[in-house]
Amino acid sequence: MTVEGQVAVVTGATGGIGLAVVAQLSAAGYRVLALGRDTSRLSELAHAHPGVTPIYADLAEPARLNSIVPNLDRLDALIHCAGIADLAEVEETTTQLWQRILDVNVVASAEITRALLPALRAARGHVVFINAAYGMTGVPRWSAYVGSKAALRELADSLRAEEAAHGLRVTSIYPAGVDTPLLREVRRSFERDHDPATSVRPETLAGIILAALRAPADAHITDLAVEPTRRG
Ligand SMILES: NC(=O)c1ccc[n+]([C@@H]2O[C@H](COP(=O)([O-])OP(=O)(O)OC[C@H]3O[C@@H](n4cnc5c(N)ncnc54)[C@H](OP(=O)(O)O)[C@@H]3O)[C@@H](O)[C@H]2O)c1
């Protein structure tokens, strides 16, 4: 299905999941505004995929985002793919680390959404938050990451309730084991082997995200858990 003329904003566009989402949105005919930090990856993206505009944005500084987020008349899809997943026991988690994880994973998502709400309302658009494995709670060495994802779920649920009157749809995706640099680093840190065969391909997850966007207007996929078929 082609969606010529529709506009999407993707954060974390330079990452494993974000790259795959941008590629599939572009192939589907969306005009895509791709946010990331890695400037060479951003320009590769723009060269590789038609209709992609790269935008440098550091999400660790959410107070600056209002001036970076593009001014749009309408926005059909906002997909929050950026995230960090540093490990540390509570004893080792400094205020700086708490702040950075919360800023990148939650506060920046809230701020970008806030800046783009008028455009989303104008298009009766769709906001997608990439959360984390469904039901993940109380994980040793991961309090800040898991805490940030709990806050992200609350942000999504509140936004859905507030914006229903404007026709916005809000979807939280709860993936586990998607084969990206983040997964490989996390598995290494937890001293677990990494086997791509027991992971979800980023392209597969991107396809599932696009399927959620394509749900007919009378349906609203609120929460979606995605796990590898084969477990490691
Ligand atoms: N992979 C999995 O198995 C898995 C499972 C559950 C949840 N998730 C979630 O999925 C999301 C995407 O993860 P991924 O696996 O695709 O990870 P990834 O490959 O490491 O990509 C992370 C993305 O976040 C961006 N990012 C990080 N810090 C940033 C900052 N300060 N400012 C702007 N952008 C920043 C990176 O941009 P630059 O590279 O340009 O800095 C990159 O585009 C994350 O929220 C993660 O928690 C992933």
Exercise. Can you spot a residue in the stretch 137-154 that is at pLDDT below 95, touching a strand residue (DSSP E or B) at 6+ places or on another chain (Cβ under 9 Å) and not β-branched (Val, Ile, Thr)?
Worked result: no
For this session: Restricting attention to the stretch 26-46, report how many residues are in contact with a helix residue (DSSP H, G or I) (Cβ under 7 Å, 6 or more places away or on another chain) and either closer than 22 Å to Leu65 by Cβ or within 12 Å of the ligand (Cβ to nearest atom) (or both).
Result: 4
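State whether the residues of the stretch 176-184 include one that is among the basic types (Lys, Arg) and buried (at least 19 other Cβ atoms within 10 Å of the Cβ).
No - not one qualifying residue is present in the stretch 176-184.
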Exercise. Taking the stretch 64-81 on its own, how many of its residues are free of Cβ contacts under 8 Å to residues at least 40 places away in the same chain and among the aliphatic types (A, V, I, L, M)?
Worked result: 1
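Which residue is surrounded by the most Cβ atoms within 10 Å (Cβ to Cβ), if the candidates are limited to the stretch 196-224 and must be β-branched (Val, Ile, Thr) and free of Cβ contacts under 8 Å to residues at least 60 places away in the same chain?
Val200
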Seminar exercise, completed: Residue hits (the stretch 75-131; over 14 Å from the mean Cα position of the chain (by Cα), under 15 Å from Arg169 (Cα atoms) and hydrophobic (A, V, I, L, M, F, W, C)) are Leu75, Leu116, Leu117, Ala119, Leu120, Ala122, Ala123
Exercise. When you scan the stretch 146-204, how many residues do you find that are outside any helix (DSSP H, G or I), away from the ligand (no atom under 15 Å from the Cβ) and farther than 28 Å from Ala23 by Cα?
Worked result: 1
Seminar exercise, completed: Restricting attention to the stretch 54-69, the residues that are farther than 22 Å from Ala20 by Cβ and either touching a Gly at 6+ places or on another chain (Cβ under 8 Å) or more than 10 Å from the ligand (Cβ to nearest atom) (or both) number exactly 6
Seminar exercise, completed: Filtering the stretch 116-145 down to residues that are of a type in the set (Ser, Thr, Tyr), surrounded by 17 or more Cβ atoms within 10 Å (Cβ to Cβ) and away from the ligand (no atom under 11 Å from the Cβ) yields Ser143
Exercise. Cβ-Cβ below 7 Å, separation at least six or inter-chain, first residue in the stretch 38-53 and more than 17 Å from Gly16 (Cβ to Cβ), second surrounded by fewer than 17 Cβ atoms within 10 Å (Cβ to Cβ) and among the aromatic types (Phe, Trp, Tyr): which pairs?
Worked result: Thr39/Tyr56
For this session: Could you identify the single residue in Arg160, Arg153 that is in contact (Cβ under 8 Å) with a residue 60 or more places away in the chain and surrounded by fewer than 20 Cβ atoms within 10 Å (Cβ to Cβ)?
Result: Arg160
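The values are calculated or read from the model by the stated rules, or taken from the named source; none is laboratory data. Quick caveat: nothing in here was measured; it's all calculated off a predicted structure. Neighbour counts are summed over all protein chains in view; Cβ atoms, including those assigned to glycine, are modelled from backbone coordinates with ideal geometry.
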